[in-house]
Amino acid sequence: MAWGVGIIGAGPGVAALHAPTLARTAGDFRLVHVSDAGSGRAAAIAERFGARSSSGLDALLADPDVDVVAICSPPAQHAAHVRASLAAGRRALFCEKPLATSPDEAEQIVAACAAAGALLVVGTNHLFDPAWVRATHHLDAIDRRIAAVAVTLCLSPNDRYHALVMGEPLPAPPGSARPPLDLSDPAQSAAIVRQLIVGLAVHDLPLVRDLVPDATEVAWARPIAPIGFDLGLRSADAVVRFTVVMVPEGADSLWRVSITTAGDRIDVDFPPPFVHAGSARIAVRDARGVETVYPLDRRDGYDAEWGALAALLRGDTAMEYDELRADAAFVLAVADAASAVIRGGGAPGSVVAPDPSTGPSTASSLDQSTAPSAGPTLPAPAPAGSAT
């Protein structure tokens, strides 16, 4: 059976990423409807893939061929579009990252899906990448004590990859160019870094939560020109560092997660965004200096996240709402804490962990009044695992 997918949103990510991916799902899914907000892009995408198009939500949510709603609209609209899909009776949802832009919204979305019994997958494709599954298996087979995690991300312009994948560009959206950024303004810098964490680091923060669930203190946070950030998290036994920069020109993208244990170093190199080039590349160097390179899987994380939704629909796997809740809470709390550190001039943020017996931590359960310093707090570590 091929489930019909209706996509809310018609940006380059839909054209270069989700529409082609749906065509490669071995008959699990078929694109039947694309909607936009009036840009005209939906018609161009739908024509390429033999689907219908519309503007707004009503026609898509009333389409009887839409079994699954894929929410690929701007992040600020995700919560409203999840609610609208649930109200229209849809019980299978794919939501692009981030799930929401505030902790309260994320909690409410997950609670609403759980109450309705709706299946939900969030498009953090690195978490689903077959290479990441192999990396965690390797870590489970050795001394898993993590000493350090480094995420290094250098992105060239997305347009380069849009053109590579799509051939013809989509019509340009309406609107004026963005004003120049002023990284010397703490408020503007804090907002930029928060947006980058919620929009980019969201791919790897669930991985960090799996590896170092108690890395809940923001040790430092600062912006990097022209657009980027440097962020440090720490626990009692490990340090996590994100170094992210977006450059207007230059080499191809680099997206690497490096994990250092007591004896091994594992480098996971993810393909550039939008590129369907198979899984990430894993290289393991042991204490003797011997390097092992894992073979690439022909599937990538984009394929695998849709495969995860298909497995849920078939009943092959169970829906884990607590994992979605914990991942979203962690990402948004890191973003808020880093933003607060930058606004405050660099003072680190500390955490007071609530009683773990009360269940999965959410942003609403944090008690700021008990923190030993004026810095922001992050959620207490929740049990690690995947988002499905």
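The values are calculated or read from the model by the stated rules, or taken from the named source; none is laboratory data. Keep in mind it's a predicted model, so treat the numbers as computed, not measured. Methodologically, a virtual Cβ is constructed for each residue, glycine included, from the backbone with ideal geometry; neighbour enumeration extends over all protein chains shown. Quick note on the areas: whole protein, heavy atoms, side chains included, nothing else; ligands and nucleic acids left out. Shrake-Rupley method; radii C 1.70, N 1.55, O 1.52, S 1.80 Å.
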- Message: Among the residues that make up the stretch 57-72, is at least one of them at pLDDT below 95, assigned to a helix (DSSP H, G or I) and surrounded by 16 or more Cβ atoms within 10 Å (Cβ to Cβ)?
- Response: no
- Message: For the stretch 3-38, which positions are in contact with a Ser or Thr (Cβ under 8 Å, 6 or more places away or on another chain) and outside any strand (DSSP E or B)?
- Response: Gly9, Ala10, Ala37, Gly38
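When you scan the stretch 61-68, do you find a residue that is under 18 Å from Ala308 (Cβ atoms) and under 15 Å from the mean Cα position of the chain (by Cα), even just one?
no
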- Message: Looking at the stretch 271-281, can you tell me whether even one residue there is outside any loop (DSSP other than H, G, I, E, B), aliphatic (A, V, I, L, M) and either surrounded by fewer than 20 Cβ atoms within 10 Å (Cβ to Cβ) or modelled with pLDDT of 95 or more (or both)?
- Response: no
- Query: For Ala287, are the conditions met, namely being modelled with pLDDT of 95 or more and more than 15 Å from Thr136 (Cβ to Cβ)?
  - Reply: no
- Task: Go through the stretch 195-230 and give me each residue that's more than 14 Å from the chain's Cα centre (by Cα) and within 20 Å of Asp182 (Cβ to Cβ).
- Result: Ala221, Arg222, Pro223, Ile224, Ala225, Pro226, Ile227, Gly228, Phe229, Asp230
- Of the residues Tyr302, Tyr321, which is open to solvent by 40 Å² or more (accessible area, probe 1.4 Å) and aromatic (Phe, Trp, Tyr)? Tyr321
- Enumeration of residues in the stretch 315-346 that are among the acidic types (Asp, Glu) and in contact (Cβ under 8 Å) with a residue 24 or more places away in the chain: Glu320, Asp322, Glu323, Asp327, Asp336
- Message: Out of everything in the stretch 236-266 that is in contact with a Gly (Cβ under 7 Å, 6 or more places away or on another chain) and open to solvent by 10 Å² or more (accessible area, probe 1.4 Å), what residue ends up being nearest to Ala131 (Cα to Cα)?
- Response: Arg241
